[in-house]
Amino acid sequence: MKRLIIGTALLAFINLSAQVDFSSTRFGITGGYNYSRVQNAHNPSAPRHTMQGGFLALIPVDRNDQFYIQPEVVYYGAGETGKDKNNKGAAGYDAVYANSYISVPLYFKGYFSEAESEFFGMAGPRFDFLINQKVENPARQVYTVEGDPKYPGINGKAAGFGWGVGLGIGFSYKRKLELAGRYDLGISNTYPDLVESYTGDPNTEKKKSQQVASVTLSYIFD
C-alpha cells in the first residue's frame, strides 16, 4: 500500500511538473497577522499574536489561468504566551514563548473560475527553519531553553526544523491584490525534549504541535 501511495504521488508530481510554465511566473510580496498556539507544551497556555511577511512566486500549471504553484519565503512568528484569562496573576501568566522562523510554504493554488476577480483555495506543506527563540518569565524553569538541572535532558528548546500542512481560502482582486485566511497545522514536534513522564500527566508526553491561524494580504506584480 505504501509503495502504491508513493508511486501515485510520484506520477502526479511528474504530470504536474510537465505542465509548469516557469516563463510566466509572477512575483509578489505578502504579509499578515498570526495567531499561534502550541498544544501540550506549557501551563498556563494562551495564544501569541505576531506577524509574517516576505515574498511569493505564482507559477502557472495550466493554460487557463486557474491553477498555480505558489512557493513563499517569509519571516514567520509563532509560539505562545501564558496569558490564560483563567490564570490571571498566577505564575507564568506573563510568560512569552516566542519562536521565529524563516518559513517556506509550497501551496497548490486554484481559483474557482477564470475570472480576474475570484475566490481561491490553497493547500500544501510548510517547512520552518528556526532563526530565534526567546523565553521570558516562564512558569517553570523546565520550560527554558537550558531546562532545569533537577531534570536533566528535559527542556523547552524548540526544534531547529519543523514542518506541517497548510490550508487557505481567499479572494483575489484582478489577480493582483489578494486577501486570505490560512490555517497551518504543525506535524513535527516543536519541543522534542519537553517530555515529562514523571508527572503522571499523559499530556506532558504528547507531541507538541504548533498551530497558526493567519490573515494575509498579498500583492502580485505584473
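The values are calculated or read from the model by the stated rules, or taken from the named source; none is laboratory data. Note that this is a predicted model, so its numbers are computed, not measured. With ideal geometry, Cβ positions are generated from the backbone for all residues, glycine too; neighbour counts draw on all protein chains shown. Ligands, DNA and RNA are stripped out before the accessible areas are found, and what is left, the full protein with its side chains, is counted by its heavy atoms. Shrake-Rupley method; radii C 1.70, N 1.55, O 1.52, S 1.80 Å.
Normalised by the number of residues in the range 43-143, the mean separation of alpha-carbon contacts (under 8 Å, six or more apart) gives a relative contact order of 27 percent.
Do you know the relative contact order of the range 119-172, to the nearest whole percent, from alpha carbon pairs under 8 angstrom that are 6+ apart? If you can, show how the numbers build up before the last one.
Working: 75 pairs, mean separation 28.6, N = 54.
53 percent.
Relative to the dominant Cα principal axis of the chain, helix 2-19 is inclined by about 50°.
Once the Cα-Cα distance is subtracted from the 0.36 nm per residue extended length, the Val73 to Phe127 segment shows a gain of 18.5 nm.
First measure r as the distance between the Cβ atoms of Asp193 and Val165, then evaluate 1/(1 + (r/R0)^6) with R0 = 22 Å and state the FRET efficiency to the nearest 0.05.
Working: r = 24 Å, r/R0 = 1.09.
Efficiency at R0 = 22 Å is approximately 0.40.
3J(HN,Hα) along the range 100-113: 10, 10, 9, 10, 10, x, 10, 9, 8, 10, x, 7, 6, 7 Hz, from the Karplus curve 6.51 cos²θ - 1.76 cosθ + 1.60 with θ = phi - 60°, whole Hz, x for Gly and Pro.
Kirkwood hydrodynamic radius for the range 92-139: how many Å is it when counted over pairs of different Cα atoms?
Working: mean 1/r = 0.0717 Å⁻¹.
Final number for the Kirkwood radius of the range 92-139 is 13.9 Å.
Packing here is the average count of other Cβ atoms within 10 Å per residue, and on that basis the peptides 32-38, 174-180, highest first, run 32-38, 174-180. The stretch between Lys207 and Gln141, if pulled fully straight at 0.36 nm per residue, gains 21.8 nm over its current Cα-Cα span.
Between Arg26 and Asp148, residue separation times 0.36 nm minus the direct Cα-Cα distance comes to 39.0 nm.
Kindly list the residues of the range 23-54 that lie in the label zone of Lys88, defined by a backbone N under 17 Å from the point 7 Å along the Cα-to-C-beta vector. In the range 23-54, the label zone of Lys88 (backbone N under 17 Å from the point 7 Å along Cα→Cβ) covers 44-47. In the frame of its principal axes, the chain has Cα extents of 62, 41, 26 Å, reported largest first. Protection proxy ranking of 48-57, 90-99, by the mean of other Cβ atoms within 10 Å over each peptide's residues and highest first, is 90-99, 48-57.
Extending 7 Å from Cα along the Cβ direction at Leu179 and again at Tyr219 yields two label points whose distance is 1.6 nm.
Using C-alpha pairs below 8 Å separated by at least 6 residues, the relative contact order for the chain is 20 percent.
Rounded to the nearest 500 deg cm²/dmol, what is the calculated helix-only ellipticity per residue at 222 nm for the chain, with -39500 (n - 2.57) per DSSP H run of length n ≥ 4?
Per the formula, -2500 deg cm²/dmol.
In the context of the full protein assembly, Ser117 retains an accessible surface of approximately 50 Å², using a probe radius of 1.4 Å and ignoring ligands and nucleic acids.
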